[in-house]
Amino acid sequence: MEDCIFCRIVRGEIPSDKVYEDDRVLAFRDIEPQAPIHVLLVPKTHYASIMDIDSDTFGYMQTITRKLASELGIAEKGFRVVINTGEDGQQSVKHLHFHILGGRSMQWPPG
Ligand code: AMP
């Protein structure tokens with residue numbers, strides 16, 4: 001059993017502000033939101049990063065991202081999906097997650 005913080009959120013050992021859950025994924029609001037909408041989408045199975053996940057699960061996360069964007073009201077104006085990976089990517093939690101950010105105009109380039 002994985003001891004990582006997102007595994008513990010998936011198991012309900014740490015509370016989260018859930019926005020969606022099914023048998024494969026969980027989406028919850030980021031504890032330090034960087035935009036009016038900032039949701040984290042995680043697979044329930046532990047994958048350390050985008051380098052480890054299988055294409056089927058990754059594709060499922062894309063399907064759920066689209067659904068969530070519609071339900072959160074950000075599909076029409078647009079949003080950003082961020083997958084921080086590894087040290088240079090500033091990934092702080094080593095359990096793959098999509099940041100789904102919206103509700104404001106984003107900046108580019110990222111810092
Ligand atoms: P990253 O830096 O890409 O690994 O993103 C990790 C994200 O997890 C950060 O945006 C944190 O604010 C968020 N985070 C950490 N702990 C929690 C928690 N208990 N509930 C919700 N979000 C969290």
It is to be established whether one or more residues within the stretch 19-39 are charged (D, E, K, R) and touching a His at 6+ places or on another chain (Cβ under 6 Å).
yes
Return the pairs, sorted by first residue and then second, in which the second residue is outside any loop (DSSP other than H, G, I, E, B) and of a type in the set (D, E, K, R), the first residue lies in the stretch 31-51 and is farther than 11 Å from VAL93 by Cα, the beta carbons are less than 6 Å apart, and the residues are 6+ apart or on different chains.
VAL39/ARG29
From the options GLU87, GLU76, residue that is within 16 Å of the ligand (Cβ to nearest atom) and surrounded by fewer than 17 Cβ atoms within 10 Å (Cβ to Cβ):
GLU87
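Every number in this text was worked out from the coordinates using simple rules, so none of it is lab data. Since we're looking at a predicted model, the values are computed, not measured. Counting neighbours? That spans all protein chains shown, and the Cβs are built from the backbone with ideal geometry, glycine included.
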